[in-house]
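Following: one structure in structure tokens, then a few remarks.
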Amino acid sequence: MDRHSRRLWAVLLILSFLAVSCALEAYRCAHDFVVTDYEFVTEKVGSPVRFVLVGDLHESEFGENNSKLVEAVRAQEPDVILCTGDMITRNISEDLLHIGVDFMTEMAGIAPVYMSLGNHESIYVEKHGRGVLDSLEAAGVVLLDKEYVDADINGQTVRIGGIYDYCFKYGQTAEEYEASEKYAFLTSFCDTDSYKILLCHRPVDYRLESMLKYYEDWDTDLVLSGHTHGGLWQIPFINKSPYLPQQGFLPMLDKGLKDLGNAQMIITAGLGSEPGLFRLNDPCELVSITLLPDGR
């Protein structure tokens, strides 16, 4: 075998190794999930409060009828379950629609569930009506779309709101923005001394770094988002997504905990992917959040 042939075989072996490695990693990321824990100390609660955050299921299943996922949520012993949407896919067939609804029904059997809409629920409802939302509400899920509730948790109040819209005057004049439903909702939502959690499916809806002229500060304690699927591909060692729409290269708001100054934001990597997309170095994620009282 001459030198050229040896080099060719070496290249083919390396490419084959990389292809197999990527395929195995993609399989792992699609069929397993991690549990990520966050703790926040605040003077706004007098005793611990435990939340579980779910989002972006997209018909994924972990065990029969999502039994592994349900048991992982149950093991966290949450006081409340929060959902940032996209538990279905906009073009889902009728025979798969039950997966997201069944999972949310199981969630409602574990703890009170509050859910904001994602882009896929919003588009699905536009095309097919709100039947799927009626099913979620019948299961006990509280849907929050420019609405909030003051939830009584362990004898203390936590305000939970949900929005699927830009939280700033994107595409609007100042007058249009201040007269809008979202401005009225956010103003009312922030008017409390209670701990405030905002369910906001797309992280760029709360802060769009590439368009700071549209940015508005809101007095929110914790913003919970999804939508990005963790960027789908995370670059090894630096653990950053290479690119996301509206954010560009090496985006800030891909996954994890972000300090926004006026709020903390958690972006879950979610529990699935849209059809035709796959993850690399980016496993699915279940998020556990604990609020701890300030002991000072």
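Of Ile99, Ile92, which residue is touching a residue at least 40 places away in the same chain (Cβ under 8 Å), of a type in the set (A, V, I, L, M) and out of contact with any strand residue (DSSP E or B) (no Cβ under 7 Å at 6 or more places or on another chain)?
Within the list Ile99, Ile92, the selection yields Ile99.
Going by the structure shown, is Glu274 assigned by TED's automatic domain parsing to the domain that holds Tyr195 and in a strand (DSSP E or B)?
Here the answer is no, as Glu274 does not meet what is asked.
Given the structure, is Tyr214 at negative phi and either at pLDDT 95 or above or touching a strand residue (DSSP E or B) at 6+ places or on another chain (Cβ under 7 Å) (or both)?
no
Can you name the residue in the range 43-56 that is under 19 Å from the mean Cα position of the chain (by Cα) and outside any loop (DSSP other than H, G, I, E, B) and is also surrounded by the fewest Cβ atoms within 10 Å (Cβ to Cβ) among such residues?
Across the range 43-56, the extreme among qualifying residues is Arg50.
Can you report the number of residues in the range 112-145 which are surrounded by fewer than 20 Cβ atoms within 10 Å (Cβ to Cβ), part of a loop (DSSP other than H, G, I, E, B) and either in contact with a helix residue (DSSP H, G or I) (Cβ under 8 Å, 6 or more places away or on another chain) or of a type in the set (A, V, I, L, M) (or both)?
Number satisfying all stated conditions: 2.
Restricting to the range 253-271, and then to whatever is in a strand (DSSP E or B) and touching a helix residue (DSSP H, G or I) at 6+ places or on another chain (Cβ under 7 Å), can you tell me which residue is surrounded by the most Cβ atoms within 10 Å (Cβ to Cβ)?
Looking only at the range 253-271, we keep the residues that are in a strand (DSSP E or B), and these are 256-259, 264-267.
Subsequent filtering for residues that are touching a helix residue (DSSP H, G or I) at 6+ places or on another chain (Cβ under 7 Å) retains 265, 267.
Values: Met265: 21, Ile267: 28.
Step by step, filter the range 253-271, then rank; the result is Ile267.
Being crowded, with 16+ Cβ neighbours inside 10 Å, modelled with pLDDT of 95 or more and of a type outside the set (Asp, Glu), is that true of even one residue in the range 16-37?
Yes: the range 16-37 contains one or more residues that are crowded, with 16+ Cβ neighbours inside 10 Å, modelled with pLDDT of 95 or more and of a type outside the set (Asp, Glu).
Kindly indicate the residue of the range 251-265 that is at pLDDT below 95 and of a type in the set (Gly, Ala, Ser) and also nearest to Asp221 (Cα to Cα) among those meeting that condition.
This residue is Ala263.
In the range 164-196, what residues are surrounded by fewer than 16 Cβ atoms within 10 Å (Cβ to Cβ) and touching a helix residue (DSSP H, G or I) at 6+ places or on another chain (Cβ under 7 Å)?
Across the range 164-196, there are no qualifying residues.
Name the single residue that is nearest to Ala30 (Cα to Cα) among those in the range 231-240 being touching a residue at least 24 places away in the same chain (Cβ under 8 Å) and in a loop (DSSP other than H, G, I, E, B).
Leu232
Tell me, which residue of the range 57-98 that is modelled with pLDDT under 95 and assigned to a helix (DSSP H, G or I) is surrounded by the most Cβ atoms within 10 Å (Cβ to Cβ)?
Leu97
The values are calculated or read from the model by the stated rules, or taken from the named source; none is laboratory data. Keep in mind it's a predicted model, so treat the numbers as computed, not measured. Because the Cβ atoms are built from the backbone with ideal geometry, glycine has one as well, and the counts that use them run over all protein chains shown.
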